[in-house]
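A short reminder: the numbers here are calculations on the coordinates, not readings from a lab. Not measured: the values here are computed from a predicted model. All Cβ positions, glycine included, derive from the backbone under ideal geometry; neighbour counts span all protein chains shown.
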């Protein structure tokens, strides 16, 4: 009888540890939500709760294109602000948590946030690329810019096969319809290829949920 009790007790402890481990690995946790409130206030807390409820929970069984569109729209609701204005440096890759907590950031931050939310929703990381481009704004000025590219097929043969998630456009469109994106400089994804120092630092900061 004693041995049976100990076996059940150990099994219970194992399940508890496993549940805590899985919870800690989740993109948005209750402890993260509480910490965001302490650091940034109740509005930040509400934004993280909304990500969990409106995106992660509601979109689990949605089509891939619906996930792309709704995540793009949600993240684009955050205000644009340069790294210099927010962090005092010319180039900084903020975590999803810093970006959503502060409610402001630049093009890399939009890209990072969309990537990690979509990845949590089950979108294949191999299909998503951080893409450096040359963007022409409405005044005709050419600007270095980053967007998130989604590959409709594993090896795209044309711009029609690449969807663009961009903070400068509320629509998810094929690259072939984005005439304002003049040139692709480079596509990267540290999850599926070589990891730069920036990617390694981002990955580390994301794992520890840096706010």
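Values for this structure:
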read-out: Neighbour-count ranking [beta-carbon atoms within 10 angstrom, fewest first] of 165, 121; value: 121, 165
read-out: Average Cα contact separation per residue, the chain, under 8 Å, 6 or more apart, as relative contact order %; value: 18
read-out: Gyration tensor verdict on segment 134-202 (Cα atoms; rounded if a/c is under 1.5, prolate if a/b is larger than b/c, oblate otherwise); value: oblate
read-out: Hull-based mean projected area of the chain, where the convex hull spans the alpha carbons, in square nanometres; value: 14.9
read-out: Separation between Cα centres of segment 96-124 and segment 136-211, rounded to whole Å; value: 12
read-out: Potential extension, residue 119-residue 197 segment - 0.36 nm per residue separation minus Cα distance; value: 26.0 nm
read-out: Packing-based exposure ordering (other Cβ within 10 Å, fewest first) of 53, 145; value: 53, 145
read-out: Sorted peptide list for 74-80, 93-99, criterion being average Cβ within 10 angstrom, highest first; value: 93-99, 74-80
read-out: Projected area averaged over orientations for segment 164-206, convex hull of C-alpha atoms, nm²; value: 4.2
read-out: Relative contact order (%) - segment 21-135, alpha-carbon pairs under 8 angstrom, separation at least six; value: 25
read-out: Residue-span extension gain [residue 60 to residue 173] - 0.36 nm each, minus C-alpha spacing; value: 38.5 nm
read-out: For the chain, calculated [θ]222 nm from helices alone, where every DSSP H run of n ≥ 4 adds -39500 (n - 2.57); value: -13500 deg cm²/dmol
read-out: Whether segment 45-136 is rounded, prolate or oblate, judged on the alpha carbon gyration tensor where a/c under 1.5 counts as rounded; value: oblate
read-out: Helix axis angle, 30-40 relative to the chain longest principal axis, alpha carbon, degrees; value: 50
read-out: Degrees between helix 107-120 axis and first principal axis of the chain (Cα, 0 to 90, nearest 10); value: 40
read-out: Rounded if a/c under 1.5, otherwise prolate or oblate - segment 101-169, Cα gyration tensor axes; value: oblate
read-out: Highest to lowest packing among 124-137, 150-163, scored as the average C-beta count within 10 Å; value: 124-137, 150-163
